[in-house]
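Chemist: Take this structure first; my questions come after.
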Amino acid sequence: MNQTGNIEFDEALMVEYALEGDLDAFNRLVLAYQDVAFNVAYRVMGERTSAEDAVQDAFLSAYRKLKTFRGGSFKAWLLRIVTNACYDELRRLKRRPTVALQPTNTDDEEIESPSWLEDPGESPEEAAARTELSQAIQHCLDSLETDFRVVVVMVDIQGMDYAEASEAVRTPLGTIKSRLARARSRLQDCLRGFGELLPGAFRLDGERISS
C-alpha cells in the first residue's frame, strides 16, 4: 500500500498525534491531502501560481488552527480552509479567475503540454485531447460565480458527497444541491460550445466530471 493509503487508514491517529504537537504527524497529513487541496484550489482559482499560494496559506492556517478541529471529516475541515484561502486570494487579486486556453511558462512562452497534465502512458494525440478538454472545462468553470464553482469542484470533480461538501463550505445541504443544479445547467450550456471535444469524455448529469 502506498504512503497516501497508509495515511488515510491512520488519519484519526495522525490527527491525534498532530493535536499533541507532533509536527511529523501533521506533515504526513499534508502529504496525504496536498494533491486534492491543490486540485481544488487550481479549479477554483483557474491559475497555477495563485492556487499554489492559496494552498500554502491554507496549510499554514490549518497548522495554526489545528486545536480548533473538533472531529468529523478532517478532509472537509481542511478543504474549508483551502476554499477560504482561495476566496482571500481572489479578493487580493481583485479579479475574476481566468486561465489561458494555451498555458504559458514564467517567460510567457506557450507550453504545449504542461507538466500537470502529463501522462507518460498517453499518446501525443490523447494527451492533446485531454489538454484541450481540461482547458475547456476550466474555461467554463471560470464563468461561474465562485460559490457555484466551489461546489462543482468538490462534488463533480473531486467526488465528494453532498454532506461532505456541505461541511467543507459550511453551507446547508439544500443550498449545496441548489447551487450544484444551477451550476451544472450553466456548465452544460457553456460546454456545448466545445462539443467536438466532449463525446465520451465527460458526464455532467450527477456523475463526476473527468478531466
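What follows draws every value from the coordinates through simple rules; no lab data is involved. Everything numeric in this text was worked out from a predicted model, so none of it was measured. Glycine also receives a Cβ, built like all others from the backbone with ideal geometry; neighbour counts cover every protein chain displayed.
Chemist: State the answer as a single residue: which of Met14, Ala76, Ala25 lies farthest towards the positive end of the charge dipole of region 1-98, with beta carbon charges of +1 for Lys and Arg and -1 for Asp and Glu, about the Cα centre.
Modeler: Positive-most Cα among the choices belongs to Ala76.
Chemist: Arrange the following residues from fewest to most other Cβ atoms within 10 Å of their Cβ: Tyr33, Tyr17, Tyr63.
Modeler: Placing the least packed residue first, the sequence is Tyr63, Tyr17, Tyr33.
Chemist: Once label points are set 7 Å from the Cα along Cα→Cβ at both Ser73 and Leu60, what is their separation, rounded to one decimal in nm?
Modeler: The modelled label-to-label distance comes out at 2.8 nm.
Chemist: For region 1-98, what size does the Cα cloud have along each of its three principal axes, sorted from largest down, in whole Å?
Modeler: Projected onto the principal axes, the Cα atoms of region 1-98 cover 41, 30, 21 Å.
Chemist: Looking at region 136-196, which trypsin sites (Lys or Arg not before Pro) are DSSP coil and have at most 16 other C-beta atoms within 10 Å of their C-beta?
Modeler: In loop regions of region 136-196 (DSSP not H, G, I, E or B), the sparsely surrounded trypsin sites (Lys or Arg not before Pro) are Arg170.
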